[in-house]
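Single-structure report; data block below.
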Amino acid sequence: MSVEKLKPMNATIVKFYPLTATEELWDGFLRGTDEHNREADPEEPLLPREKRKALMVSAEANPDRRVYRFLIFPEGDIREAAGCATVSVETPHSPSYGTNKHVGTLLLLFISQKHRGKGLGALLLKRVIEELAAKEPAVSEFLSPVILEPGERFMNRRGGTVSLETAENRLYLSDLDWVTVEAWAAGSARRNPATTVMTVSSIPREDLEDYSAAYTETINQQPLGDVSIAIKYTPEQIRFDEQKNLEQGLAETTIYTRESDGKVSGLTETLYLKEAGHRITQMMTGVREAYRGCGLGKLVKARMLLHIRKEYPGVKYIVTSNAESNASMQAINRQLGFKKHLSVKLYKLKI
Ligand SMILES: CC(C)(COP(=O)(O)OP(=O)(O)OC[C@H]1O[C@@H](n2cnc3c(N)ncnc32)[C@H](O)[C@@H]1OP(=O)(O)O)[C@@H](O)C(=O)NCCC(=O)NCCS
């Protein structure tokens, strides 16, 4: 742990390392993220602290990302943190380091309500920028998902611009018309008789290469506004994530389609954590360009819903994040009944 007094009368900023942090520092960090999450989404239950600690510790093992975390304490009082910050960068080990090394993802920059308006956020941001200038000189901009209005004002005042308007969308299963879902699954299967639908928790070895190619192709075709990154999802990363999810107790389901020539045409994936068993998160959905407009997007989404109904009866809603400008994904989601739950603006801040 390194403790540095930037302005002794104003604040103390401490770097936070999950692998070696004391209980007091854990408490400060988790209280900061709890407060942020409660302010952003007051009804959403928080994950048990021990589970969150375990998730953060295990995430440290990812060779493709390096995470820097900070706590800020007011007036040299290092008992109660006033806020925290987390920024993540790709490491040279990452296959997309070449295209993404200029970007730091500022996942969180948070000051407690009672400590706002005293310049602590600006101090904390300055410290984060100094750290990256020293340790990650390739980083020239932050991308930061902002939910709270004070966060938007903070970014606007510093010349931040909105790169992408996104939203967390939710589909409550109690509102879902299962007849439509069953009709989509059956209708799309009739329209695509040569297509095989696979439901797996680990991508089979024979499809791994092409699944990785289909994923990489489609994820980079989603509208990204003026975000300048390119994503590569290699077979090695797929296996790494599968192993990590197993260790973390995250149940992963992938539903993908394969054509008669062996090509992977479409895919969707979800993650379920029993400690947050009221919800399930749907991540990437993609259909390769050559196969679009034939109902495969609807097919994989419908089949996933039927899978969730059967395997996870405790789930109350599906949560997914989409760009507001993603017309085709929004069209499918709206027809199913997904509704916007939270607006999330992805800010770019040049540093
Ligand atoms: C989103 C995506 C998966 C859809 O795949 P698809 O196989 O073409 O989907 P389907 O054929 O099953 O259905 C597409 C629906 O969207 C509608 N749609 C397509 N483009 C649209 C547009 N520009 N505006 C409005 N609706 C549109 C279609 O009309 C169709 O609905 P309908 O059957 O009621 O007419 C595909 O476009 C894709 O892979 N995009 C890139 C990756 C991406 O952005 N993924 C989402 C991020 S999570």
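Here, each number is a calculation from the coordinates, and none is a lab measurement. Predicted model only: the values in this text are computed from it and were never measured. Counting neighbours? That spans all protein chains shown, and the Cβs are built from the backbone with ideal geometry, glycine included.
Given N residues in the range 98-192, what is its alpha carbon radius of gyration divided by 2.2 N^0.38 Å?
Ratio of Cα Rg to 2.2 N^0.38 Å: 1.70.
So how compact is the range 167-343: Cα radius of gyration and Dmax in angstrom?
15.5, 41
Expressed in nm to one decimal, what extension gain is obtained for the pair PHE240 and LYS15 from 0.36 nm per residue of sequence separation less their Cα-Cα distance?
78.3 nm
Taking only Cα atoms and a 10 Å spring cutoff, compute GNM fluctuations for the chain and point out the largest among ARG49, ARG127, ARG31.
Fluctuation is largest for ARG49.
So how far, in whole Å, is the C-alpha centre of the range 73-112 from the one of the range 201-261?
25
Please find the FRET efficiency linking ALA133 to ASP261, where r is the Cβ-Cβ separation and R0 is fixed at 35 Å, and quote it to the nearest 0.05.
Computed FRET efficiency for ALA133 and ASP261 comes out at 0.10.
Please list, or write none, the aspartates and glutamates whose alpha carbon is within less than 15 Å of the alpha carbon of LYS316, excluding same-chain residues fewer than 8 places away.
GLU43, GLU44, ASP175, ASP177, GLU275
Please give the length that would be gained between GLU165 and ASP27 if that part of the chain were fully extended, namely 0.36 nm times their separation in residues minus their C-alpha to C-alpha distance (nm, one decimal).
Extra length available between GLU165 and ASP27 comes to 46.4 nm.
In Å and on Cα atoms, what radius of gyration and Dmax does the chain show?
21.4, 71
What FRET efficiency would be calculated for the residue pair ALA54, SER174, taking the C-beta separation as r and a Förster radius of 22 Å, to the nearest 0.05?
E(calc), rounded to 0.05, equals 0.10.
Taking only C-alpha pairs under 8 Å that are 6+ residues apart, what is the relative contact order of the chain in percent?
Once normalised by length, the contact order is 20 percent.
Going highest first, how would you order 18-24, 339-345 by mean Cβ packing within 10 Å?
Taking the mean over residues of other Cβ atoms within 10 Å, the ranking is 339-345, 18-24.
Kindly put ARG279, ARG190 in sequence by how many other C-beta atoms sit within 10 Å of each C-beta, fewest to most.
Lowest count first: ARG190, ARG279.
What is the angle, in °, between the Cα long axis of helix 208-219 and the longest principal axis of the Cα atoms in the chain? Nearest 10 is fine, range 0 to 90.
70
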